[in-house]
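In what follows, a structure is listed as structure tokens, so that the remarks can point back to it.
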Amino acid sequence: MAQHITQLALVVRDYDEALAFYVDVLGFECLEDTDLGGGKRWVRVRPTGSDGAGLLLARAASDEQTSRVGNQTGGRVFVFLETDDFRRDYDRLVSRGVTFVRGPSEEEYGTVAVFEDLYGNRFDLIGRKR
């Protein structure tokens, strides 16, 4: 039996502001933005050029969900974003105003820096050693 993860839900405050950040700032592609009625949408993004898992941008629909916006993992890194050119992508994200909470460091597995999305969820940007 073959299985794979296709997407992860990310609770957001607003569909359009989340789309603007993930597409215009991070450079992800919008795979789908379908109106489901009643103010609900099915919005999927993933890194441009990737054929792996994406993020389902899910607007918070309750007080409990709203309390999780920006803190999906209790302050831990939520997403691990690997790149084929660390310096190119790091410099591009810095130039677009992305907040890095930990600058680049060399680790056994490669170069890594930690940034936050517009809500405070943490991402590792990783350039693997070849």
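Quantify, in whole percent, the carbon and sulfur part of the accessible surface of the chain (1.4 Å probe; protein heavy atoms only).
On the way: 3610 of 7770 Å².
Reported share for carbon and sulfur atoms: 46 percent.
Could you give the semi-axes, largest first, of the ellipsoid that matches the chain, computed as the square roots of 5 times the alpha carbon gyration tensor eigenvalues and rounded to whole Å? Present the calculation step by step, with values, prior to reporting the outcome.
Values: eigenvalues 131, 56, 42 Å².
Semi-axis lengths for the chain are 26, 17, 15 Å.
To the nearest 10 degrees, how steep is helix 86-95 against the longest Cα principal axis of the chain, on a 0 to 90 scale?
Taking Cα atoms only, the helix is inclined about 60 degrees.
Using just the helices of the chain, give the 222 nm mean residue ellipticity in deg cm²/dmol: DSSP H runs with n ≥ 4 each add -39,500 (n - 2.57), and the total is spread over all residues, rounded to 500. All intermediate terms of the calculation are to be shown ahead of the outcome.
Numbers: 3 runs with 19 residues, N = 130.
Using -39500 (n - 2.57) per qualifying helix, the result is -3500 deg cm²/dmol.
Calculate one ³J(HN,Hα) per residue across region 14-28 by plugging θ = phi - 60° into the Karplus curve 6.51 cos²θ - 1.76 cosθ + 1.60, and present them in order as whole Hz with x for glycine and proline.
8, 4, 5, 5, 5, 4, 4, 5, 5, 8, 7, 9, 7, x, 6
Ignoring ligands, DNA and RNA, how do S95, S62 rank by accessible area with a 1.4 Å probe, largest first?
Working: S95 95, S62 45 Å².
Highest to lowest solvent-accessible surface, that is S95, S62.
Answer rounded, prolate or oblate for region 1-78, using the Cα gyration tensor with square roots of eigenvalues a ≥ b ≥ c: rounded when a/c is under 1.5, else prolate when a/b is larger than b/c, else oblate.
Numbers: a/c = 1.39, a/b = 1.21, b/c = 1.15.
Judged from the Cα gyration tensor, region 1-78 comes out rounded (a/c under 1.5).
Please compute the net charge surrounding G27, taking Lys and Arg as +1 and Asp and Glu as -1 over other residues with Cβ under 10 Å from its Cβ. Intermediate results must be reported in sequence, preceding the final value.
Numbers: positive: R92, R96; negative: D24, E29, D89.
In short, -1.
Give a residue-ordered list of calculated ³J(HN,Hα) values for region 64-79 (Karplus: 6.51 cos²θ - 1.76 cosθ + 1.60, θ = phi - 60°; whole Hz; x for Gly, Pro).
Coupling constants for region 64-79: 5, 5, 4, 5, 8, 4, x, 9, 5, 10, x, x, 7, 4, 9, 10 Hz.
What accessible area per residue comes out for the chain, rounded to a whole number of Å², with a 1.4 Å probe? Write down the numbers at each step before the final one.
Numbers: 7770 Å² over 130 residues.
Heavy-atom SASA per residue in the chain reads 60 Å².
The values are calculated or read from the model by the stated rules, or taken from the named source; none is laboratory data. Not measured: the values here are computed from a predicted model. Here the Cβ is made from the backbone with ideal geometry for all residues, glycine too, and neighbour counts use every protein chain on show. These area figures cover heavy atoms from the full protein model, side chains too; ligands, DNA and RNA do not enter into them. Shrake-Rupley method; radii C 1.70, N 1.55, O 1.52, S 1.80 Å.
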